[in-house]
Amino acid sequence: MKIESPINGYDIDVMVVGFPGKTVCHGGLGWSTIVLLRGHGRVAMIDTGGMGVRRLLIERLRERGLKPADVTDLLLSHAHYDHMLNWTMLGHARIVIGAQEMAWALKEPWGTTPVPELYVRELQGWKTAHQAADGEEVIPGIFARVTPGHTPGHLCYIIKGRDFDVIFTGDAVKNRAEFLCGRTDMTYDPAVSSASVAAIWSLWRERPGNIVIPGHDIPMVLREGMPHYLAERQDAIAAWFGNDIDTMTTIQLSVR
Ligand SMILES: [Zn+2]
């Protein structure tokens, strides 16, 4: 979905809209938001998804006349597999991750958390990797803000527009429910996370029309103080419950 743009010279295109849920019997789901920004001579992606999204991502770029090689910058919100793993698709690009996030992720014990250990270790020494500080302008007009809790060095990214701002929350606030109740699931530190939710609420309320793009939900705007989705939900899975591979049952994952 396209966001009304340009905003501060950027076209904002949500190539993959994240899903606000988890599985019941099969562990994490990890369907996360991936955004494309074009402007100021840059083709930037915010987050890049997990292994399962690779083909879709290449297809979504192709639909826009782009190849992975055309992406100039990758801005990572945090070091979980479902947001950062495909940096290897964009190894030629400048890859931004929070300095605190990298320091934390490198020390995570192997084989126990959603941190993809080997991808993090490789990124640390990668020639185009850049470890960003809180408040840094990571590409022209886009600022990083440390929003800890979900992970210790998580970054949100903020574009200040003429009329309104766009806040890419990553997993600091994953979905509408977390915004509304101020509490978060799957967090490293619940109290620190709630403080980050409150901080992002302040940014959101700063100007009417400000948009948030969460890590696992549809972009939203505030109307009379309440989050309002900017698109219809479109989530489904298909399963082979029949007797041949051509027969699939589609299961809608949306509540209307
Ligand atoms: Zn995460």
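The values are calculated or read from the model by the stated rules, or taken from the named source; none is laboratory data. If you're wondering where the values come from, they're calculated on a predicted model, not measured in any experiment. So basically every Cβ, Gly included, is an ideal-geometry build from the backbone, and we count neighbours across all protein chains shown.
Taking the condition of being among the acidic types (Asp, Glu) and at pLDDT below 95, how many residues in region 154-177 meet it?
1
For TRP126, are the conditions met, namely being in contact with a strand residue (DSSP E or B) (Cβ under 7 Å, 6 or more places away or on another chain), aromatic (Phe, Trp, Tyr) and either modelled with pLDDT of 95 or more or in a helix (DSSP H, G or I) (or both)?
Yes; evaluated as a whole, the condition is true for this residue.
Output the residue which, of all residues in region 177-229 that are basic (Lys, Arg) and touching a strand residue (DSSP E or B) at 6+ places or on another chain (Cβ under 8 Å), is surrounded by the fewest Cβ atoms within 10 Å (Cβ to Cβ).
Of region 177-229, the ones basic (Lys, Arg) are 183, 205, 207, 223.
This time we only want the ones that are touching a strand residue (DSSP E or B) at 6+ places or on another chain (Cβ under 8 Å), so: 205, 207.
Numbers: ARG205: 11, ARG207: 13.
Top of the filtered list is ARG205.
Regarding region 6-13, can at least one residue be identified that is more than 14 Å from the chain's Cα centre (by Cα) and on the phi > 0 side of the Ramachandran plot?
Scanning region 6-13, I find at least one residue that is more than 14 Å from the chain's Cα centre (by Cα) and on the phi > 0 side of the Ramachandran plot, so the answer is yes.
With the requirement that a residue be away from the ligand (no atom under 16 Å from the Cβ) and over 16 Å from VAL197 (Cβ atoms), what does region 148-181 give you?
Within region 148-181, ILE159, LYS160, GLY161, ARG162, ASP163, PHE164, ASP165, VAL166 meet the criteria.
Taking strands (runs of 3 or more DSSP E) that fall entirely within region 136-214, which contain at least 1 residues that are farther than 19 Å from PRO6 by Cα and under 15 Å from the mean Cα position of the chain (by Cα)?
Numbers: elements: 137-139, 142-146, 155-160, 165-170, 211-214.
Ranges flagged: 142-146, 155-160, 165-170, 211-214.
Matching residues to (1) surrounded by fewer than 18 Cβ atoms within 10 Å (Cβ to Cβ); (2) touching a residue at least 60 places away in the same chain (Cβ under 8 Å); (3) out of contact with any Leu (no Cβ under 9 Å at 6 or more places or on another chain):
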site	(1), (2), (3)
LEU61	no, no, no
VAL71	no, no, no
HIS80	no, yes, yes
TRP87	no, no, no
LEU106	yes, no, yes
PRO109	yes, no, yes
LEU118	yes, no, yes
ALA144	no, yes, no
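If the Cβ limit is 6 Å and pairs must be 6+ apart or interchain, which residue in region 155-180 that is at negative phi and among the charged types (D, E, K, R) pairs with which residue that is surrounded by 24 or more Cβ atoms within 10 Å (Cβ to Cβ) and not in a loop (DSSP other than H, G, I, E, B)?
These pairs meet every condition: LYS174/PRO214.
Which ranges mark the helices (runs of 4 or more DSSP H) fully within region 3-113 that have 1 or more residues being under 21 Å from TYR157 (Cβ atoms) and within 16 Å of the ligand (Cβ to nearest atom)?
Of the helices (runs of 4 or more DSSP H) lying wholly inside region 3-113, those with at least 1 residues that are under 21 Å from TYR157 (Cβ atoms) and within 16 Å of the ligand (Cβ to nearest atom) span 81-84, 99-107.
Has region 31-39 got any residue that is surrounded by fewer than 16 Cβ atoms within 10 Å (Cβ to Cβ), within 16 Å of ASP70 (Cα to Cα), more than 16 Å from the chain's Cα centre (by Cα) and at pLDDT 95 or above?
The answer is no; no qualifying residue exists.
Exactly one of (1) without any contact (Cβ under 8 Å) to a residue 60 or more places away in the chain; (2) within 20 Å of LEU253 (Cβ to Cβ) is unmet by MET45. Its number?
(2)
Just one of (1) within 16 Å of the ligand (Cβ to nearest atom); (2) crowded, with 19+ Cβ neighbours inside 10 Å trips up ALA132, so point out which.
Result: ALA132 passes all but (1).
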